[in-house]
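**Q** Below are the structure tokens for one structure; questions will follow.
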Amino acid sequence: MTGPAHIFDKPNRYIGKPEPRADAARLLQGRGTYVDDQKLPRMVHAAFVRSPHAHATILSINAEEARAATGVVAVYSGEDLAKHVTPYVGTLTHLAGLRSMPQHPLAVGVARWQGEPVVMIVATSRALAEDACELVYVDYAELPAAVDSETALDTGAPIIHSELGSNLAWERDVVVGDIDAAFAAPDVHVVERQFRFGRHTGVTLETRGTVCDYDPSEDQLTVYYSGQAPHMMQVIFSKHLDLPEENIRVISNDVGGSFGIKIHTYGDEIATAAAAKLLKRPVKFIADRFESFLTDIHARDHIVRAKMGVTEAGKIVGIDFDDLTGIGPFSMYPRTSAIECNQVLNLTGAPYVMENYRAKGRVVFQNKTLMCQYRAVGHPIAMAIADGLLEDAARKIGMDPVALREINLMADDSYPRTSATGMKLDDLSHKRALRKLTDLMNYDGLRARQTLARKKGIYRGIGFVSMVEVTNPSPMFYGIGGAPIASQDGATVRLDAGGALHVSSSITEQGQGTNAILAQIAAGVFGVDLNRVKVTTGDTATTPYGGGTWASRGAGIGGEAMLQAAQALKDQVLEVAGVMLQTGVETLDIQSGAVTDIDGSVRLTLADLARTVYYRGNELPNDLNPELIATRHYRVTDFPFVFTNGAMAAHVEVDIETGFVKVLHFWAVEDCGRVINPLLVDEQIRGGVVQGIGGALYEECHYSPDGQFLNATMADYMVPMASEMPEITIAHIETPTKTSILGAKGAGEAGTGGAPAAILNAVNDALSPLGASIWQMPMTPERILASLNQADCN
Amino acid sequence: MKAPDFDYLRPASLAAAVAMLVEYDGEAMPLAGGQSLMPMMNFRMAAPEALIDLVNLSELRGIWVESDTIRIGAMTSYADLKGDAAVQKHIPLFSLALPHIAHDAIRNRGTIGGSLALADPAAEMPALMLALNANIEVEGPDGARMLSADDFFLGMFETALDGELIKAIHIPVAKSEQRFGFHELTQRHGDYALAGVAIVQTSNTYRAAFFGVADRATRVPKLEAALEQNEDITSVLAHLNSVDFTDDIKANHTTRQRLAGVALKRALKGMTT
Ligand SMILES: Cc1cc2nc3c(=O)[nH]c(=O)nc-3n(C[C@H](O)[C@H](O)[C@H](O)COP(=O)(O)OP(=O)(O)OC[C@H]3O[C@@H](n4cnc5c(N)ncnc54)[C@H](O)[C@@H]3O)c2cc1C
């Protein structure tokens, strides 16, 4: 399909407008329904005894006292639940060579990370369940732990799965051109750095949780689930709990943030469903913050050695890097933990023209919490490698980093084309974005002020990133590899007798405004007032079948389905109206809830039309069988992903006495194709930038050498907070994707993917007059002071 | 993260509270603002048999100006202290420090007595007490006594309290020959300090109490003497070598020492006039 299409050729009341989201009032008044708000008759509560060790054999479990404790309804060990839940393995066929081992909801025989659930207690309250947890005595024999990813592949390192013979989960090499020859050419300067990206995690406001209710009379499992992919979970519960798919209903009401955390298979949640089935009553599990830190997937954890070659004139000749990613003791099911590294291999340097590329990725097992897909999977790593090296190279050859980008960015008129790694690219605007950015921030003025400040001993830095974001994935992302993850989504639009629209969609709302944009698209395309659209999402029983919201696909894929469904319903309604009004369809339109002439004069309200159809069908010709409902499904074809691009910049001040970094201002120019609601897109960018700043400056999961998580509380794990956040200025370029009528690409992950590189570059720009630089995130005061000391020593 | 079962008691007088402490024989804990104790219980790091809620003890709440001292009831919240005109006038160091203690919501409930009894090494109030040479009035089964701040803090989360309650804090009213300085370094506003210092200068003598750097709020007598001798800053800072600086995930001892030095320099630069 190609655009722009006719609906955007005339004024549209909603698509592209800053409409306040309809559910804001409800949520702000505390009337949301999160999982913990779900209270069912006879409901009982789960708590888990978790492994205190990173790696240990479970010799014996004595739960007799716990079983007898007040309020305890059931106690399950790993063996108990293994009889009722088939194990799962986090591999996919399109990630050739990826290895993992079967996982059980509770550890069986061996515990492989601190926090792994070992025993489940079900009791009449969570407090009583926790009391009983203290009465379970597990005898462990501690095993040596493989904690450090750098040594996990060494001979003699503790092997986490003896069946696999080593801790290597996956490796991949990408070789394009001849990088050695390119670097060896005369006139080429090579910069080389080792990057370290710490582990961090999602810290959703609403923690993970589920209420599972099993009705034996119908063999029906209803799962209230705080998450992003209800249909995927339906398949997983069905497959591993031996229930027919259609007997499982997964409901996601309000979700308090997800960021990729809540899209995986967690043992404690599966155990909760199994317990509900065994006990034939509802069981609630809500992770507390401790459990979140210890068991929610972690993100990043990369050590990268990377080189870039640049000619004297500023042409990038190629990138060469080696990425080591630590993923914990298993590859997460069902999406796998190899995607993060794969994205780094695929995306590094994707904005730039480059002929030579060599990348090696190795994914290793460790005795730490599982690592998997979190907002902007792999992106911050890929962007920091390429743009970090680019600015390092710019310093080396004495060229301005913007000028160096100008030379190397793909030209806006050069698409469709591929990146060095073979990614298909189209509809991108790197150069326009960078120019818009430098205008927006008054780059020259900022540089002049920076020079003045340096004279006063104030170290400010300006850093950039030019970035791509993978959005709107096609079946090539997961489905092709055998994952039960839909890449298409559906939307249904129904005209009710009162003239209102009821719409439903298989994409999900987890706080970002999905429902709001669905309503805007339906209202705008069909022609009713926005307040007359009611949206249902997040229920496998009542919505069309689809993938949910992740990989920045909600607006682009689910939005397009909604557009097509609304258009189809409009066509149907106009056909009925044409008959009723005895006039040609081409002379009619729908505006503000009424069928009108093309000039807008009202001919018939939608309520009148619908009532006639529903109540007084006798007034219609017998051969007219109106259906005032339409469903359309949409998937991306021709491209594996729809890429977006952006350019971002950070202005920071480094206190060289303390190593503290203050972000003074952040700018982002983003091209997400058609902007459906600028308020929501801006907040997505802003929130993403804040999460990116978190990864760059604050957030880190600290482990002791023996695999103990050291900062599993909100007092010790530092999330970015409002008082430290800079002004974030946002501007857009709209290059609609040709893959859909709507033309929307994703916008949800750009800030998180780009901000860390921009902050890194800004800090290094600030440090450069002192001869210091830093290549480790988060850039803590201590690490910055260490880099300054290092520079002093040199 | 649910607290284990406990009894909840709400005495109407200080005497009754003390009697309850005795009755539970060390297994009860007083509850003030709960901003530290409740999380500790929910983490199951504290599991008292009973909580003795001091909320109704009006005798523990208030700010009284008594000639050359200000007497502050243990149950007085940070927010009350921050908004009090007498405190603003007579204890300038409080005005400098209070905005750095957590956030409004916590300051509304957290109390001065709770902070002192907890003796968190990174908390501001213990250091303020040392710098201000405050006295702490406590009451227990054997009656009341007064402890100087210098004798009160014994270690990490450890005080001289012996089955007693803090009743009030006595702080000398600021004199015209005094100047006050305060600086703390945190990556995020409202966090516990990576390093901080509170300084009271009386004519040319100094009391400088560091927090966030060691197992307790810490004065370094030789450093104070060096300040009095007007030694150059490098030799003043050299006296920090005697402090046993904390190593943890937020900063190692080297960083902490460096930050303590920066905090001191900045506090001295910003002394009230
Ligand atoms: C997010 C957050 C940030 C914070 N940041 C800071 C900060 O930057 N700086 C800082 O100093 N603090 C900080 N705090 C801690 C806060 O200041 C606490 O309120 C304070 O440490 C304890 O005061 P409380 O009144 O809440 O005491 P509680 O939590 O009720 O009690 C603390 C301890 O003191 C005992 N106790 C209380 N009152 C008495 C009494 N009268 N006599 C004897 N024993 C008593 C209790 O039994 C308990 O052991 C923070 C807390 C939170 C939650």
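Laboratory data are not the source of any read-out in this text; all were calculated from the coordinates shown. In this text the structure is predicted, and so the values were computed from the model without any measurement. So basically every Cβ, Gly included, is an ideal-geometry build from the backbone, and we count neighbours across all protein chains shown.
**Q** Provide the gained length on full extension for the span residue A:592 to residue A:534, in nm with one decimal, where the gain is 0.36 nm per separating residue minus the Cα-Cα distance.
**A** Computed gain between residue A:592 and residue A:534 is 19.3 nm.
**Q** Further, regarding this structure: Give, in whole angstrom and from largest to smallest, the semi-axes √(5λ) of the equivalent ellipsoid of the stretch A:709-784, with λ running over the eigenvalues of the Cα gyration tensor.
**A** 32, 20, 12
**Q** Give the peptides A:516-523, B:156-163 in descending order of average Cβ contacts within 10 Å, highest first.
**A** A:516-523, B:156-163
**Q** In nm, give the distance between the simple-model label positions of residue A:96 and residue A:734, each being 7 Å from the Cα along the Cα-to-Cβ direction.
**A** In this crude spin-label approximation the distance works out to 4.3 nm.
**Q** For chain B, divide the Cα radius of gyration by the Kirkwood radius and give the resulting Rg/Rh value with two decimals.
**A** Checking Rg against Rh, the ratio lands at 0.97.
**Q** Right, here's the next one. Cross-link candidates for residue A:307: which lysines have Cα within less than 23 Å, leaving aside residues fewer than 8 places away along the same chain?
**A** Excluding near neighbours in sequence, the set is A:315, A:360, A:396.
**Q** Okay, helix-only estimate at 222 nm for chain B: each DSSP H run of n ≥ 4 adds -39500 (n - 2.57), divide by all residues, round to 500 deg cm²/dmol; what do you get?
**A** It lands at -8500 deg cm²/dmol.
**Q** Return an integer: the convex hull volume of the alpha-carbon atoms of the stretch B:58-172, in Å³ per residue.
**A** 98
**Q** Under 12 Å from the Cβ of residue B:6, count the other residues' Cβ atoms, weight Lys and Arg +1, Asp and Glu -1, and hand me the total.
**A** With Lys, Arg at +1 and Asp, Glu at -1, the net is -4.
**Q** Shifting gears a bit: Once you list every other residue whose beta carbon is under 15 Å from the beta carbon of residue B:136, what net charge do they have if Lys and Arg are +1 and Asp and Glu are -1?
**A** Taking every Cβ under 15 Å from that of residue B:136, the sum is -3.
**Q** Ordered by packing density, taken as the mean number of other Cβ atoms within 10 Å over each peptide's residues, highest first, how do B:14-26, A:503-515, A:759-771 rank?
**A** Peptide ranking by packing, descending: A:503-515, A:759-771, B:14-26.
**Q** Under 8 Å for C-alpha pairs, at least 6 residues apart: give me the relative contact order for chain A, rounded to a whole percent.
**A** Answer for chain A is 16 percent.
**Q** Another question, if that's okay. With Rg and the Kirkwood Rh both taken from Cα atoms, where does Rg over Rh land for the stretch B:178-269?
**A** 0.95
**Q** Once you average over the residues of A:287-300, how many Cβ atoms of partner chains fall within 10 Å of each Cβ?
**A** For peptide A:287-300, the averaged partner shielding equals 1.
**Q** Please give every one of the lysines within straight-line cross-link reach of residue A:39, meaning a C-alpha to C-alpha distance under 22 Å, and leave out same-chain neighbours fewer than 8 residues apart.
**A** Once the sequence-local lysines are set aside, what remains near residue A:39 is A:262, A:277, A:280, A:284, B:2.
**Q** Another question, if that's okay. For the stretch B:7-53, take N as its residue count and report Rg(C-alpha) divided by 2.2 N^0.38 Å.
**A** 1.10
**Q** May I ask for the percentage of alpha-carbon pairs in the stretch A:189-309 that lie more than 27 Å from each other?
**A** Tail fraction, whole percent: 31.
**Q** Multiply the residue gap between residue A:305 and residue A:627 by 0.36 nm, knock off their C-alpha separation, and tell me the result in nm, one decimal place.
**A** Residue separation times 0.36 nm, minus the Cα-Cα distance, leaves 109.9 nm.
**Q** Give the Rg (one decimal place) followed by the Dmax (whole number) of chain A, computed from C-alpha coordinates and expressed in Å.
**A** 27.5, 93
**Q** Which value does Rg/Rh take for the stretch B:74-132 over its C-alpha atoms, Rh per Kirkwood?
**A** 0.92
**Q** Here's another thing I want to ask about it. Label residue B:49 and residue B:5 with points 7 Å out from Cα along Cα→Cβ: what is the distance between them in nm?
**A** Inter-label distance under the simple model: 1.4 nm.
**Q** Here's a follow-up. List the lysines whose Cα lies under 25 Å from the Cα of residue A:17, skipping any in the same chain that are fewer than 8 positions away.
**A** Of all the lysines, those that pass the test against residue A:17 - Cα under 25 Å, at least 8 places apart if same chain - are A:436, A:534, A:570, A:738, A:745.
**Q** Kindly provide log₁₀ I(q)/I(0) values, in the same order as q = 0.21 Å⁻¹, from the Debye equation applied to equal alpha-carbon scatterers of the stretch A:320-378.
**A** The Debye formula, applied to the Cα set alone, gives -0.79.
**Q** Using a Förster radius of 51 Å, what is the FRET efficiency between residue A:403 and residue A:171 based on their Cβ-Cβ separation? Nearest 0.05, please.
**A** For R0 = 51 Å, the calculated efficiency reads 0.85.
**Q** First check a/c for the stretch A:233-389, with a ≥ b ≥ c the square roots of the eigenvalues of its C-alpha gyration tensor; if it is under 1.5, answer rounded, and if not, answer prolate when a/b is larger than b/c or oblate otherwise.
**A** Verdict is prolate for the stretch A:233-389.
**Q** Hey, another quick one. Could you check how many percent of all C-alpha pairs in the stretch A:71-198 are farther apart than 19 Å?
**A** 69
**Q** Cβ neighbours within 10 Å, averaged per peptide: list A:146-159, A:542-555 in order, most packed at the top.
**A** The densest-packed peptide leads the list: A:542-555, A:146-159.
**Q** Suppose R0 equals 45 Å. What FRET efficiency, 1/(1 + (r/R0)^6) with r the Cβ-Cβ distance, do residue A:313 and residue A:134 give to the nearest 0.05?
**A** According to the calculation, E is roughly 0.05.
**Q** Okay, moving on. For residue B:254 and residue B:85, compute 0.36 nm times the residue count separating them, minus their Cα-Cα distance, and round to one decimal in nm.
**A** Gain on stretching residue B:254 to residue B:85: 56.8 nm.
**Q** With each pseudo-label sitting 7 Å past Cα toward Cβ, what's the residue A:37-residue A:395 distance in nm, one decimal?
**A** The two pseudo-label positions are separated by 5.0 nm.
**Q** Now a separate question. With no solvent and one equal point scatterer placed on each C-alpha of the stretch A:258-324, evaluate the Debye formula and give log10 I(q)/I(0) for q = 0.12, 0.18, 0.19 Å⁻¹, two decimals.
**A** -0.57, -0.82, -0.86
**Q** Over the alpha carbons of the stretch A:253-296, what is the largest minus smallest coordinate on each principal axis, giving the biggest first in Å?
**A** Projected onto the principal axes, the Cα atoms of the stretch A:253-296 cover 32, 24, 17 Å.
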